[in-house]
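Below: the structure, in structure tokens.
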Amino acid sequence: MTIEKKFIESPIEKYRVMKFLEKELDKAGVANIEIQRTPVVTRISIEVLNPGRVIGRKGKTINTLTETLKTKFGLENPQISVVESRNPSLEPRLVAKKAAKYIEMGKKVRAVLHFLIRDTINSGAVGAEIVASGKIGAKGARAKSLRVAVGYIPKSGEPSRLVKEAHVAANTKSGIIGVLVRIAPPGTVFPDKGVPTEVVLPKTLAQAK
């Protein structure tokens with residue numbers, strides 16, 4: 001395999017592994033997955049709400065995952081470490097999953113976005129944005145987007161790398177609604193903004209239920 005081909009395939013392989021782990025560990029509440037490859041080992045760090053579901057009884061689940069990663073994806077010496085997510089309201093994937101769940105239950109989309117972004121900001125986030133896109137409303141309605149944002153969320157340039165992001169789809173009777181969540185974690189210092197100040201919620205969001 002040439003160096004050029006290896007560089008092309010590595011990101012694709014990483015994406016496939018991450019999607020596999022997200023699906024397999026969905027009930028554990030996956031917040032984040034990081035994969036680091038070295039010449040000797042492949043380190044996989046998984047942040048979840050329920051570490052016990054990943055580890056399994058006497059380590060059975062995590063051992064099975066390790067063997068699957070070896071045989072199915074050809075990873076050399078994969079080492080999985082599991083970390084508990086301490087604040088779900090600051091994890092974009094968990095917030096997006098919760099939004100998708102509420103939307104699938106038939107809750108009003110705007111109310112769901114207001115409620116979740118309030119919790120995220122109250123948890124200390126410097127900024128947050130939630131966007132729901134698709135056929136929001138009755139069956140047959142036109143596709144549209146609803147966006148709620150509070151604080152500072154850069155969209156481009158180097159500062160945007162400091163923002164955590166996730167996208168999840170909600171399956172409703174009227175169609176698929178995509179939920180995009182962006183969160184600037186507590187203490188994030190953006191070069192063009194300096195030390196972050198306290199984020200004040202608008203009255204409509206502060207009273208969200």
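The values are calculated or read from the model by the stated rules, or taken from the named source; none is laboratory data. On a predicted model such as this, the values are computed, not experimentally measured, just so you know. Backbone-built Cβ (ideal geometry, glycine too); neighbour counts: all protein chains shown.
Being at negative phi and modelled with pLDDT of 90 or more is a condition met by at least one residue of region 186-201. Considering Arg161, Arg147, the condition of being in a strand (DSSP E or B), basic (Lys, Arg) and free of Cβ contacts under 8 Å to residues at least 40 places away in the same chain is satisfied by Arg147 alone. Just give me the residues in region 63-100 being in contact with an Asp or Glu (Cβ under 7 Å, 6 or more places away or on another chain) and at positive phi, in sequence order. Matches in region 63-100: none. Among helices (runs of 4 or more DSSP H) entirely within region 34-137, having at least 3 residues that are surrounded by 21 or more Cβ atoms within 10 Å (Cβ to Cβ) singles out 92-104, 109-122. For region 170-196, filtered to residues that are in contact (Cβ under 8 Å) with a residue 60 or more places away in the chain and exposed (fewer than 14 other Cβ atoms within 10 Å of the Cβ), the residue that is farthest from the chain's Cα centre (by Cα) is Gly187.
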